[in-house]
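To start, the structure under review is shown below, and the notes come after it.
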Amino acid sequence: MTEYAAISVDPMTPRIGAVIGGVDLAAPMGNQQFQEIHDALMRHEVIFFHDQTMTLDQHKAFGAKFGELDVHPGSPGPEGHPEILVIHADANSKHVAGEAWHSDVSCLPEPPMGSILHLHTLPSCGGDTLFASAGAAYDALSAPMKAFLAPLTAIHSGEQVYRGRYKHQGVEDAGKQYPKAEHPIVRTHPVTGRKSLFVNQTFTTRIPQLTRKESDALLKYLTDHITLPQFQARFRWRENSVAFWDNRAVQHHAMWDYFPEVRSGFRVTIKGDKPF
Ligand code: SIN
């Protein structure tokens, strides 16, 4: 049982998710508080903070404590802030970011370690984010299935996700190549050592060691399995809540059930390393 002195930690479920208190993310942070936030993220895989007001610079500074910030391969950031991903939906939206289960930008050769989302505008009801523990999903598989998956890899592609997606933001992507990468299906967390399933409905297209039919069937089984309710926590946002998730440990799904209302905020994404 981890003891915390500089923050409070209120678990949402035994497997995944905790609400953190006693922190102002915009203020200078001491080493102990930083370490405890890091420990809580490793233990609970996604952590949440309420009542946080942050400028874009303060948001980036908090993210940068955990590693170098990434720039999204498709969506441009606001003027002067390329590391900020704008998350926005309104009555004109045709899509919202993350409306199917995924681990952020898993098509990168070195997918992000984590993402920190700050929402300032919320619909009157709805717009929750669902998170699923990919480690809990792996643990629940049978030993023969774990042995079968151990040597397999999967292709993750950005093409079918990002092509033409940011036209409304003035992005012309003809001739642009979106990232594509091959990762192990079962990855090992570089900090906790925990194994988890690393395939998702959004980016994962193929298991190259199997026939197309075998690959489609196994990916469907695994991506459905990861999203079973027993591996999930569901976060109900308030204005100025922050969610910080570990992309190496969880997948998430943004629930777009509030059309035509507005939901808006900013995300920073922290670089990660090559899955093994
Ligand atoms: C995302 O970063 O995938 C979007 C999550 C959300 O809007 O809740």
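The values are calculated or read from the model by the stated rules, or taken from the named source; none is laboratory data. These numbers come from a predicted model, not from an experiment. Cβ coordinates were reconstructed from backbone atoms using ideal geometry, including for glycine residues, and neighbour counts include every protein chain displayed. Areas reflect the complete protein model, heavy atoms only, side chains present, ligands, DNA and RNA absent. Shrake-Rupley method; radii C 1.70, N 1.55, O 1.52, S 1.80 Å.
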The answer for the per residue Cα convex hull volume of the stretch 8-270, in Å³, is 130
Sequence order, the stretch 118-131: Karplus ³J(HN,Hα) from phi using 6.51 cos²θ - 1.76 cosθ + 1.60, θ = phi - 60°, Hz rounded, Gly and Pro as x, gives 10, 9, 9, 10, 10, x, 5, 7, x, x, 5, 10, 9, 10
Probe 1.4 Å, all chains present, heavy atoms only: residue 70 accessible area in Å², nearest 10, is 30
With every protein chain in place, the accessible area of residue 20 for a 1.4 Å probe, in Å² rounded to the nearest 10, comes to 10
Per DSSP, the loop-located GluC sites (Glu not before Pro) within the stretch 1-70 having at most 16 other beta carbons within 10 Å are 3, 68
Here the stretch 42-53 yields Karplus 3J(HN,Hα) values (6.51, -1.76, 1.60; θ = phi - 60°; whole Hz; Gly and Pro given as x) of 5, 6, 9, 6, 9, 10, 10, 10, 10, 6, 10, 9
Once amide hydrogens are built 1.01 Å from N within the peptide plane, the residues lying 5 or more places from residue 186 or on another chain with amide H under 5 Å from its amide H are 198
In order over the stretch 151-167: 3J(HN,Hα) from phi, Karplus 6.51/-1.76/1.60, θ = phi - 60°, whole Hz, x for each Gly or Pro, gives x, 8, 10, 9, 8, 10, 10, x, 3, 6, 8, 9, 4, x, 5, 10, 4
Counting lysine pairs in the chain that sit 8 or more positions apart or on different chains, with Cα atoms under 17 Å apart, gives 9
Counting only DSSP loop positions in the stretch 1-99, the trypsin sites (Lys or Arg not before Pro) whose Cβ has at most 12 other Cβ atoms within 10 Å are 65, 94
